[in-house]
1. Identify all residues within region 224-236 that are in contact with a Lys or Arg (Cβ under 9 Å, 6 or more places away or on another chain) and either at positive phi or of a type in the set (D, E, K, R) (or both); write none if there are none.
2. What is the residue count in region 96-119 for residues that are touching a strand residue (DSSP E or B) at 6+ places or on another chain (Cβ under 6 Å) and surrounded by fewer than 20 Cβ atoms within 10 Å (Cβ to Cβ)?
3. Restrict the check to region 488-499 and report whether at least one residue is in a loop (DSSP other than H, G, I, E, B), over 28 Å from the mean Cα position of the chain (by Cα) and acidic (Asp, Glu).
4. Take region 511-529 and flag every residue that is among the hydrophobic types (A, V, I, L, M, F, W, C) and crowded, with 20+ Cβ neighbours inside 10 Å.
5. State yes or no: is VAL220 more than 22 Å from PRO295 (Cα to Cα), free of Cβ contacts under 8 Å to residues at least 40 places away in the same chain and surrounded by 24 or more Cβ atoms within 10 Å (Cβ to Cβ)?
6. Have a look at ILE20, ILE43, ILE61 and point out the one that is under 24 Å from the mean Cα position of the chain (by Cα) and either surrounded by 24 or more Cβ atoms within 10 Å (Cβ to Cβ) or over 16 Å from LEU410 (Cα atoms) (or both).
7. Across region 438-457, what is the total count of residues that are in a helix (DSSP H, G or I) and buried (at least 24 other Cβ atoms within 10 Å of the Cβ)?
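The values are calculated or read from the model by the stated rules, or taken from the named source; none is laboratory data. Bear in mind the structure is a predicted one, so any value in this text is a computation, not a measurement. Every residue, glycine as well, gets a Cβ built from its backbone with ideal geometry; the counts of neighbours run over all protein chains shown.
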Amino acid sequence: MATTVEVLAEAFRDCGTPFIVGHPGGESVEMMQAAREKGLRFIFVKQETAGAMLAATWGEITGSPGVCMSTRGPGASNMVNGIAHAALDRCPLIAITDQYPSHVYETGLRQRINQLQLYSPLVKWGTTIAARTVRQQIRRAIRVATAAPPGPVQFDMPSTETTRDAADLVAEGPLRPELVSPHPDRDGLKAPLRMLREAKRPIILAGLGVLWCRAAGELVRLAERLGAPVLTTPKCKGAVPEDHPLRAGCIIGGLIERDLVKQADLIVAIGLDAVELQPKPWPYTTPVLSLASTPSLDALVPAQLELVGDLVPLLGALAEWNPEGSGWGHQAAATYRRDVKAALDTPSQGLSPQAVMEVSRAVLPRDTVATCDAGASRMLVVQKWESYGPREFLASNGLGSMGFAIPGALAARLAHPNRPVVAFTGDGGLLLAVAELQTAVRENLPIIVVVFDDQEIALIRVKQEIKGLQPYGVGIGGIDWEKLAQGFGADGVVVDTENALGDALNAALASGRTTLIAARIDGSGYVAQFNALREL
């Protein structure tokens, strides 16, 4: 018979996740050995939060739940931020935490934490694994983690259960059943078709739900049919190729996008998840038609009509049965892109952050996958980097956590072993995950890391400046980036001109090695950029 950990390892492999990532404890060794015997890779990260972010991002890219693990107590508590990322950024994830057996848990105190209670506010489901029930538990976990909206589940793993024989199920169903969505009936779509037909200037706001349904192609077809400009959330970048004439830009909750949206006479919200939006009231009185695979329960987007269903057949039917639109979106999108570019082109003394993005996009191949950290540079990366396919731009948006870019890039390298991967991060964000440079080298997962080196936590300095305060408590500086990278076995280079940055990027591509490129930038334009694009 198979043991508990063998059942789990086999399930992870069969549902499409060929690795476990984490920082193990003493009780983890049986799980690691089972993974080894079932042909799964174990990726040892140096910090539990990074491991959870890596696994979650794999789930985000592939749709198969990532798997991360930690020891009990300090490991489990340190992994919380990564689980929070999976929760708020809608990533399918299974998190395994070591735990004492019940007789020890009930009597001992050292390293005893109620881990199910700790994770309860963040996970879709948490359970204590038992040999008698593990086959059903893993099936439920996979389905819960991957059901829209995707998210994390947690397994507490008592050490007494790992090598016990797992009980068989009388009828053992598939890990993930095939779901069939019928094609919509034309009569059932009369109301939304009427709203679309009567609109002269519809605009599309697209979000994560498009990606859950793998409906990017259908989104493009509907936009083209309507001739509507498209704004996407940052997580949805690339669902409409960003050199498409109807692609306007990204929703950032700023004033600049309101000028575009207010020109429309109908807002078509497609797969829009409120966790992607800024926490402020909906600013528009324009009628809203919402299309999503899950009902909206937060009441943030005031839709007059809400269609709930699989977006692939739903968008396909609307594109097929709706008449050609006015095409107003081509000029509207072009004007918006021009306005954003002008707002970001602030003067600079030396290498500007916007120039870093322009050079990077010009040099790096079209199929490059990019990750982005939180911080002052994030807005520039979101607006300046162009992605041409879904899930080719990855960020912590719902949680907005620093320290995401490097573990996210490692996940992208695992999912796309033959494509370039670049991580854009500030110096503060890099330092939160710097040890994972060694993971990239040791695990042969080469990535390019571009650091916006302004020697400060710039976003906080920007907020201080806007409020009339002197910079205080935000300085970094004094880091020898080349030696830091070399210490981890990576290549390192510091640049302060556009030409030097281009040369460094080309060298990194040619070498195929993990490379840290520190771009010494002048961040003095951040305040003007924030004031032009976004309310703080």
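1. Residues of region 224-236 in contact with a Lys or Arg (Cβ under 9 Å, 6 or more places away or on another chain): 228-232, 234-235.
Result: LYS235, single match.
2. Count: 2.
3. Checking region 488-499: at least one residue is in a loop (DSSP other than H, G, I, E, B), over 28 Å from the mean Cα position of the chain (by Cα) and acidic (Asp, Glu).
4. Let us first name the residues in region 511-529 that are among the hydrophobic types (A, V, I, L, M, F, W, C), namely 516-519, 521, 527-528.
LEU516, ILE517, ALA518, ALA519, ILE521 - these are the residues of region 511-529 that are among the hydrophobic types (A, V, I, L, M, F, W, C) and crowded, with 20+ Cβ neighbours inside 10 Å.
5. Working: more than 22 Å from PRO295 (Cα to Cα): yes; free of Cβ contacts under 8 Å to residues at least 40 places away in the same chain: yes; surrounded by 24 or more Cβ atoms within 10 Å (Cβ to Cβ): no.
No; evaluated as a whole, the condition is false for this residue.
6. Details: ILE43 fails: either surrounded by 24 or more Cβ atoms within 10 Å (Cβ to Cβ) or over 16 Å from LEU410 (Cα atoms) (or both); ILE61 fails: either surrounded by 24 or more Cβ atoms within 10 Å (Cβ to Cβ) or over 16 Å from LEU410 (Cα atoms) (or both).
Selected residue: ILE20, the only one of ILE20, ILE43, ILE61 that is under 24 Å from the mean Cα position of the chain (by Cα) and either surrounded by 24 or more Cβ atoms within 10 Å (Cβ to Cβ) or over 16 Å from LEU410 (Cα atoms) (or both).
7. Let us first name the residues in region 438-457 that are in a helix (DSSP H, G or I), namely 438-442.
Adding the requirement that they be buried (at least 24 other Cβ atoms within 10 Å of the Cβ) leaves 439-440.
Residues in region 438-457 being in a helix (DSSP H, G or I) and buried (at least 24 other Cβ atoms within 10 Å of the Cβ): 2 in total.
Here is a yes/no grid of residues against (1) at pLDDT 95 or above; (2) more than 26 Å from the chain's Cα centre (by Cα):
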residue: GLN304; (1), (2): no, yes
residue: VAL312; (1), (2): yes, no
residue: LEU318; (1), (2): yes, yes
residue: GLY329; (1), (2): yes, yes
residue: ALA332; (1), (2): yes, yes
residue: ALA342; (1), (2): no, yes
